[in-house]
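Take a look at the structure set out below.
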Amino acid sequence: MGPTKKGILERLDAGEIVIGDGGFVFALEKRGYVRAGPWTPEAAAEHPEAVRQLHREFLRAGSNVMQTFTFYASDDKLENRGNKLTFTGVQINEAACDLAHEVAKEGDALVAGGVSQTPSYLSCKSETEVKATFKKQLDVFIKKNVDFLIAEYFEHVEEAAWAVEVLKETGKPVAASLCIGPEGDMHGVPPGECAVRLVKAGAKIVGVNCHFDPLTCVKTVKMMKEGVEKAGLKAHYMVQPLAYHTPDCNCQGFIDLPEFPFGLEPRILTRWDMHKYAREAYNAGIRYIGGCCGFEPYHIRAVSEELAPERGFLPAASEKHGNWGAGLDMHTKPWVRARARREYWENLKPASGRPLCPSMSDPDGWGVTKGHADLIQQKEATSQDQLKQLFDRSKSH
């Protein structure tokens, strides 16, 4: 047996930087293994080689955490709106845990089991019913002995706190991550109050993921940190944002943008933007720094490279990447060799190449959330009549 790896809290308590991974559902959708819409993770069982390879690429880029590909793997989500799968939730969750463990053993990485918000909560099911949904996933994580647990991608702090209360029963460290911005959760609870509620529920690490760009997410975590400290509580902080620029988003985040999900590429952050994000997060006192939708391994490599002085090493993927474009000094064209310097890339203002497109969008913002009839979910496929009503309604927004 090899030496025992330090746990997540041991690392954070020691002041170490923990690098998360990226957005598996978006990355695997682009590769042809995830269906946009349900965004469910059956690829862990259907195409394990694809999930394994993506884990390996993030590990090589510097990730310390292999998060199980169990996003939206609750039974109610797997069966929502006519989604028909050949694998059960248990089979998907078990396969995802096995893949994460396999790759984590190849480096100094931990395995995190994750649960996410549920259709049951949006449909106003009871606390008991929602918690029972989390408990089904938790049984697999206990069986597969993940290192710690993450309740992530929650728009409502109430549901997130319920998830934390279930997860903490295992005795494993629990992290809780909301998909909110500076305006707070979808019921208007401010970030600071959200964080306090999560810590009181039992979360040792709190923060945000998804829905907003990196600097917006860092700003939100700062507000959470201020709230926790004002309440006299203690926690570690995490941030795993989008890899898209979202200055025009409202409180719902990028899913309200008209480009979501198939036209977001013009908003993608460069690797150099990621250097700035990593430094801002570190300076804000955040020590668990990763990514969510849109993040590819090269983005995580950029985070790892920016924080290499603090971590004391570069990731393996930097073997093929010159610092701040240094590899360009070998290019055949002299004007490209002239770009082999930090000053050039740090000050570049990238063009989109789309002269007829605006720089900002007008978010949809239908203004509905949990408790509204529009968000009551169903097992049956969305009917043509239901779609027509939505198409007609969208014309008025």
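When each of ALA231, ALA278 is tested for being in contact with a helix residue (DSSP H, G or I) (Cβ under 8 Å, 6 or more places away or on another chain), under 21 Å from ALA203 (Cβ atoms) and modelled with pLDDT of 95 or more, the lone residue that passes is ALA231. Here TYR237, TYR244 are screened, and the one residue that is at pLDDT 95 or above and open to solvent by less than 10 Å² (accessible area, probe 1.4 Å) is TYR244.
Whenever a residue of segment 100-126 is closer than 22 Å to VAL174 by Cβ, its partners that are in a loop (DSSP other than H, G, I, E, B) and of a type in the set (A, V, I, L, M, F, W, C), lying with C-beta atoms within less than 6 angstrom and at least six residues away or across chains, give the pairs VAL111/VAL146; GLY113/VAL146; SER116/PHE71.
For segment 321-328, the condition holds for no residue, the condition being that it is open to solvent by 10 Å² or more (accessible area, probe 1.4 Å) and either in contact with a strand residue (DSSP E or B) (Cβ under 9 Å, 6 or more places away or on another chain) or charged (D, E, K, R) (or both).
Contact annotation: no residue pair with Cβ atoms under 7 Å, 6 or more positions apart or on different chains, pairs a residue in segment 318-330 that is in contact (Cβ under 8 Å) with a residue 12 or more places away in the chain and within 21 Å of LEU59 (Cβ to Cβ) with a partner that is of a type in the set (S, T, N, Q) and surrounded by fewer than 12 Cβ atoms within 10 Å (Cβ to Cβ).
Listed by first and then second residue, the pairs with beta-carbon distance under 7 Å, at least 6 apart or on different chains, first residue in segment 50-71 and within 16 Å of LEU149 (Cα to Cα), second among the acidic types (Asp, Glu) and surrounded by fewer than 24 Cβ atoms within 10 Å (Cβ to Cβ), are ASN64/ASP108. Scanning segment 83-90 for residues that are open to solvent by 30 Å² or more (accessible area, probe 1.4 Å), modelled with pLDDT under 95, under 19 Å from THR118 (Cβ atoms) and part of a helix (DSSP H, G or I) turns up at least one hit.
Among the residues of segment 2-42, those identified as touching a Pro at 6+ places or on another chain (Cβ under 9 Å) and charged (D, E, K, R) are ASP21, GLU29. The residue of segment 93-129 that is farthest from GLY20 (Cα to Cα), among those that are at pLDDT 95 or above and β-branched (Val, Ile, Thr), is THR128.
Go through LEU233, LEU257, LEU178, LEU215 for me and flag whichever is more than 24 Å from GLN137 (Cα to Cα) and touching a Cys at 6+ places or on another chain (Cβ under 8 Å).
Among LEU233, LEU257, LEU178, LEU215, only LEU257 is more than 24 Å from GLN137 (Cα to Cα) and touching a Cys at 6+ places or on another chain (Cβ under 8 Å).
Got at least one residue in segment 169-183 being surrounded by fewer than 19 Cβ atoms within 10 Å (Cβ to Cβ) and in contact with a Pro (Cβ under 7 Å, 6 or more places away or on another chain)? Spell out how you get there, then give the answer.
Within segment 169-183, the subset surrounded by fewer than 19 Cβ atoms within 10 Å (Cβ to Cβ) is 169-171, 182-183.
Remaining after also requiring in contact with a Pro (Cβ under 7 Å, 6 or more places away or on another chain): 182.
Yes, that holds for at least one residue.
Within segment 184-195, the set of residues being buried (at least 23 other Cβ atoms within 10 Å of the Cβ) and either at positive phi or in a helix (DSSP H, G or I) (or both) comprises PRO191, CYS194, ALA195. Looking across VAL218, VAL199, one residue alone is within 14 Å of the chain's Cα centre (by Cα) and either among the β-branched types (Val, Ile, Thr) or surrounded by fewer than 24 Cβ atoms within 10 Å (Cβ to Cβ) (or both). It is VAL218.
Just one of (1) in contact with a strand residue (DSSP E or B) (Cβ under 9 Å, 6 or more places away or on another chain); (2) in a helix (DSSP H, G or I) fails for GLU229. It is (1). Taking (1) modelled with pLDDT of 95 or more; (2) of a type outside the set (Phe, Trp, Tyr); (3) closer than 14 Å to ARG271 by Cβ in turn, LYS333 satisfies each apart from (3). Name the single residue that is least open to solvent (accessible area, probe 1.4 Å) among those in segment 253-291 being in a helix (DSSP H, G or I) and of a type in the set (Asp, Glu). For segment 253-291, the residue satisfying everything is ASP256.
Every residue, every condition in (1) open to solvent by 30 Å² or more (accessible area, probe 1.4 Å); (2) of a type in the set (D, E, K, R); (3) in a helix (DSSP H, G or I); (4) over 19 Å from ALA95 (Cβ atoms), yes or no:
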| residue | (1), (2), (3), (4) |
| --- | --- |
| LYS6 | yes, yes, no, yes |
| ARG11 | no, yes, yes, yes |
| PHE26 | no, no, yes, yes |
| ARG35 | yes, yes, no, no |
| PRO38 | no, no, no, no |
| ALA44 | no, no, yes, no |
| ALA50 | no, no, yes, no |
| ARG56 | yes, yes, yes, no |
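The values are calculated or read from the model by the stated rules, or taken from the named source; none is laboratory data. Remember, predicted model here, so these are calculated numbers, not experimental data. Using ideal geometry, Cβ is built from the backbone for each residue, glycine included, and neighbour counts are taken over all protein chains shown. Heads up: the accessible areas ignore ligands, DNA and RNA and are worked out on the full protein's heavy atoms, side chains in. Shrake-Rupley method; radii C 1.70, N 1.55, O 1.52, S 1.80 Å.
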